[in-house]
1. What is the number of the single condition among (1) in contact with a strand residue (DSSP E or B) (Cβ under 7 Å, 6 or more places away or on another chain); (2) farther than 22 Å from residue 266 by Cα; (3) exposed (fewer than 14 other Cβ atoms within 10 Å of the Cβ) that residue 200 does not meet?
2. Just checking, which of 117, 111 is in contact with a strand residue (DSSP E or B) (Cβ under 7 Å, 6 or more places away or on another chain), surrounded by fewer than 17 Cβ atoms within 10 Å (Cβ to Cβ) and more than 19 Å from residue 184 (Cβ to Cβ)?
3. Being buried (at least 16 other Cβ atoms within 10 Å of the Cβ), in contact with a strand residue (DSSP E or B) (Cβ under 9 Å, 6 or more places away or on another chain) and within 30 Å of residue 214 (Cα to Cα) is true for just one of 139, 146. Which residue is that?
4. Of the residues 268, 231, which single one is over 30 Å from residue 36 (Cβ atoms), surrounded by 14 or more Cβ atoms within 10 Å (Cβ to Cβ) and under 18 Å from the mean Cα position of the chain (by Cα)?
5. Restricting attention to the range 238-253, and to residues there that are without any contact (Cβ under 8 Å) to a residue 40 or more places away in the chain and more than 15 Å from residue 287 (Cβ to Cβ), which single residue is nearest to the chain's Cα centre (by Cα)?
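What follows is calculated from the coordinates using simple rules that are stated; it is not laboratory data. Quick caveat: nothing in here was measured; it's all calculated off a predicted structure. Cβ atoms come from the backbone with ideal geometry, glycine included; neighbour counts cover every protein chain shown.
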């Protein structure tokens with residue numbers, strides 16, 4: 001473990017220094033934001049249900065299908081965001097992760113994103129990404145998206161992404177889109193709906209998944225925002241899942257914010273291979289997390305996060321710790 005952490009840091013440090021040095025001269029008259037993040041996962045009991053893994057780790061580990069994806073043992077991220085005048089923004093991101101305890105796998109991710117404010121209400125972005133890792137993994141991604149805000153009462157956003165992934169054993173092309181609509185019901189209440197669609201074309205078979213998520217958000221006089229969530233997922237393997245959750249955002253002071261999240265997941269696969277990989281005929285898990293955000297200075301923010309994830313029926317248990325710092329040069 002010590003050797004892995006040393007290797008991990010030796011890869012990140014040479015990248016951080018030139019990025020910060022290069023960003024400085026650009027910041028004259030604009031802004032330059034640098035973010036550094038490190039995440040460590042402590043596996044108590046964990047065994048991958050291999051048929052459920054698929055290739056969901058290509059998009060910042062946020063693909064919610066079906067709520068069990070790569071949790072890297074070590075993950076580091078460096079991101080530089082540069083404002084170019086009032087309407088343009090460019091972002092460069094590098095991420096390295098390893099999963100040595102499970103299968104000695106590693107992954108590097110390079111991402112370049114450009115944002116453009118088209119009008120006071122609309123903006124658009126284009127993003128490209130390259131991923132490389134163990135087992136000969138090479139992935140490429142192109143994403144196009146945007147959003148439109150009707151005076152804060154209606155917000156519509158969406159994106160389309162195309163992926164190509166190659167490993168030593170197979171290759172596939174993937175497509176995904178996300179459509180999100182938020183409607184203000186009152187000055188303090190909002191309803192949001194999101195649809196995620198994913199299609200992967202493999203050498204042996206194709207895979208299609210859909211997720212539909214609803215949020216109800218309420219702002220309280222105690223400087224608290226409460227979000228209730230419900231997610232439905234179904235895919236071409238016959239997996240159907242339900243996931244209720246909640247989020248509470250609390251302003252402790254103008255400098256400090258606490259965010260608490262909780263989520264329960266219940267999935268019932270129909271594929272015989274998937275059923276052989278899990279205990280029983282369904283998969284359940286729980287996840288709770290807390291994140292503390294604090295402004296050390298007007299230009300510097302520190303983030304601390306803890307996440308607890310477990311599944312009693314699958315004998316899975318893990319803790320995730322994250323620390324991040326954001327600074328505007």
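1. Single failed check for residue 200: (3).
2. Working: 111 fails: surrounded by fewer than 17 Cβ atoms within 10 Å (Cβ to Cβ).
Residue meeting the stated conditions: 117.
3. Among 139, 146, only 146 is buried (at least 16 other Cβ atoms within 10 Å of the Cβ), in contact with a strand residue (DSSP E or B) (Cβ under 9 Å, 6 or more places away or on another chain) and within 30 Å of residue 214 (Cα to Cα).
4. 231 is the lone residue from the list that is over 30 Å from residue 36 (Cβ atoms), surrounded by 14 or more Cβ atoms within 10 Å (Cβ to Cβ) and under 18 Å from the mean Cα position of the chain (by Cα).
5. Taking the range 238-253 as the starting set, the residues that turn out to be without any contact (Cβ under 8 Å) to a residue 40 or more places away in the chain are 238, 240, 242, 244-253.
Remaining after also requiring more than 15 Å from residue 287 (Cβ to Cβ): 238, 240, 249-253.
Numbers: 238: 25, 240: 22, 249: 18, 250: 22, 251: 23, 252: 25, 253: 27 Å.
The qualifying residue nearest to the chain's Cα centre (by Cα) is 249.
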